[in-house]
Amino acid sequence: MIEQLPRVQFRKLTLLEKVWLFAPFAIWFSYQPLVRLGQDATSYYELSITVIYVALLALVSLPYAWRARRELARHKAIWLTGAFADLSLLTLLWTPNLLRGFLTVGIVYALFFIFAAALAERERLKKLLPALAKLLIMSAVVVSLLAFAQVVAGIWLSRSETLLCAGCIADQFGFVRPNVFAIEPQFLGSLLLAPLFLLLRHILKGNTNITVVGSFFIISMALFLTLSRGAIFAFFLGVLVLLILYRRHLTRLAATVGLLSAALVVTLYIQGIAAMVNPRVDVTFREAVAASINQLSLGVVDIAPEEPAKPSGNDNAPKYDGYVEESTNVRLGLSQLAFNTWTDNPLRILFGVGIGGAGVAMHEQYPDETDARQIVQNQYVEVLLEYGLVGMLLFVSILVGFVKGTRNEKWIWALLLAYMVQWNFFSGYPNALHIYLVLMALYCSLQPKPTERRAGATRSR
């Protein structure tokens, strides 16, 4: 898929193909730069380049989907995704946050139109996929290098000058956690997953060269630099799937483990040195490395010295010296509040509180424990709360359909599993639109031609 970038004659591409070619670049700008439209008691209203791009791609997709409406109507995936979009629209009738719900419905339908057009134009998309894959990897390498630059710049420059998020600065662990143009490190980590799995598949297949191995090494380090447990754990679970699929190639398996181990060790050295030379924090190389390992191991592995190397009242000490249990507890607490809100009455159990209404519903139920702007931070629980059992059934059916539709390329299941694991750590669409675009492109490019589908159905009869 990525050995050679095919010569794509841009002028001969359809408008839909031309716009799709910008996806590998647009997805990285999910938060910065940002157009702020305002805010109210329940939401912030903002536009990122990724959101604008998705809106443009949806508009371009509309005529392609409309022309193929009869053929699309016979596809089960369209029925399932269309039903989910229509349910989103229907829940506006009872959502407690109508404006946020209306905007979210717009995103849901935009994704649906993009999917429908991609499915209608799947033969063209299949030919374009190698170019999309290589452009995604190239952009991932560039963003990874920017992540390294952000770690270095964060030693001396301010948060505003480096585009770092509040939880990314060196005051937290002693070293910077890069987010580049994403809102948080975990979303940068999520963006790196698809190029990593594309590269890892080629390594395990034996299609390696210095470019493939070097790109995999650089992007892996950028992922480890985020220190995002959700993204890193999701990645390793996906890696496990690929190792099982390619279990017969022991030499390549060993090379993969070696590359990842080396990337982790180099990352720890970068974090330790960055903390040690930072003039604004008082932390040693060993303490920084110990904090990183302790955070990644959920507090299990602790290599820090028993006695603190600095006075406990040191104002320049990092906020955390290891595993941040509070972060895990906050997410679990929000999921519990959302679950309790969902089970409040039978109608809510079936149909939810309505799209965009999770924060308001939880605040009304527990006014002293959460505010109306809060999100659930767990996609599954948020779907359950906003759509009820009906919506969750559709959501799960769509995932099952994706698994069935990609069974001829099971390596894709590794990426799907990684995304599914990550959904336990965040919810919502604007900061994670790349997940849906990547899955759409892979799924649609693997579907048979309409003539092949009809022939298969005739043989089965």
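A short reminder: the numbers here are calculations on the coordinates, not readings from a lab. Worth saying up front: this structure is predicted, and the values here are computed from it rather than measured. Glycine also receives a Cβ, built like all others from the backbone with ideal geometry; neighbour counts cover every protein chain displayed.
Some observations on this one:
- Between W79 and L56, the contour length at 0.36 nm per residue exceeds the Cα-Cα span by 5.9 nm.
- Pairs exceeding a 25 Å alpha-carbon distance, out of K134/K410; K126/K404; K18/K404; K205/K410; K18/K410; K18/K449: K18/K404; K18/K410.
- Hits among lysines - C-alpha to C-alpha of K319 under 29 Å, sequence gap 8 or more where chains match: K310
- Charge dipole of the chain (Cα centre as origin; +1 on each Lys and Arg Cβ, -1 on each Asp and Glu Cβ, all else neutral): 3140 debye, rounded to the nearest 20.
- Overall form of region 377-425 per C-alpha gyration tensor (a/c, 1.5; a/b vs b/c): oblate
- Gain upon complete extension [L145, L298; 0.36 nm per residue less C-alpha separation]: 52.3 nm
- Cα centroid separation, region 115-147 to region 317-376 (Å): 35 Å
- Placing a label point 7 Å from the Cα of T328 along the Cα-to-Cβ direction, the residues of region 262-299 with a backbone N closer than 12 Å are 294-299.
- Sorted largest first, the spans of the alpha carbon positions of the chain along the three principal axes are 76, 57, 40 Å.
- Full-extension gain in nm, Y269 to E409, via 0.36 nm per residue minus C-alpha separation: 46.7 nm
- Take every pair of alpha-carbon atoms less than 8 Å apart whose residues are at least six positions apart; their mean separation over the length of region 137-322 yields a relative contact order of 25 percent.
- Anchor K127: aspartates and glutamates whose Cα lies under 15 Å away (excluding residues fewer than 8 positions away in-chain): E3, E17
- Which of R248, R124 has the fewest Cβ neighbours within 10 Å, and the rest in rising order: R248, R124
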